[in-house]
Amino acid sequence: MTIVTATSNGANTKSTISIKFKGTNGESTLFTFYKGLNKGQSKTVNYELTSIGRLTNVYLELDPLDDTWRFATVTVKVDGSDTYTFDKSYVLYVDNPNVWLDCNFFFFFFFFFFFFFKSKFKQI
């Protein structure tokens, strides 16, 4: 997993960033990702999880809430194959200390599969 902190003013943090993964078969425990990230800094951490099934969500939390933090991107690579990139930036702060990010890979795959096979069949 790689997180890149935004480059805007106030994007850096001294707080601890924690992460949790949710899948089709359950969710992981809350892991400490890293303590303190500077503006524009990129940090990669590897995790070994018990089987949670296909990844559906990623949870980020900031603690303690002494300051704010804005990430630019979050990228999760699962088993070296599936890659999920979240580039919608959020600010975590006292009124918004955590966020769940949706993995839309399943929906993308479903629609691709549906439209691909729909074009292969002829209507009667």
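All of the numbers you see were taken from the coordinates with simple rules; none came from a lab. Just so it is clear, the structure is predicted and the values come from calculations on it, not from any experiment. Every residue, glycine as well, gets a Cβ built from its backbone with ideal geometry; the counts of neighbours run over all protein chains shown.
For the reader, a short list of remarks on this structure follows.
- Under-5 Å amide H pairs with THR73, H placed in peptide plane, nonlocal only: VAL4
- With θ taken as phi - 60° and the Karplus curve 6.51 cos²θ - 1.76 cosθ + 1.60 applied, the whole-hertz 3J(HN,Hα) list for region 11-19 is 6, 6, 9, 9, 6, 8, 9, 10, 9 Hz, x standing for glycine and proline.
- Going from the residue with the fewest nearby Cβ atoms within 10 Å to the one with the most, ARG70, ARG54 rank ARG54, ARG70.
- Chymotrypsin sites (Phe, Trp or Tyr not before Pro) lying in DSSP loop within region 5-76, provided at most 15 other Cβ fall within 10 Å: TYR47
- Geometric descriptor of region 2-118, per residue, is 113 Å³ (volume of the convex hull of the Cα atoms).
- Inter-site label distance for LYS35 and ASP95 at 7 Å from Cα along Cβ, in nm: 2.9
- Positive dipole terminus of region 1-54, leading residue within THR2, LEU37, GLY23 (C-beta point charges): LEU37
- Each of ASP82, ASP95 has some number of other Cβ atoms within 10 Å of its Cβ, and from fewest to most they run ASP95, ASP82.
- Sparsely packed GluC sites (Glu not before Pro) within region 1-68, loop by DSSP, other Cβ within 10 Å at most 15: GLU48
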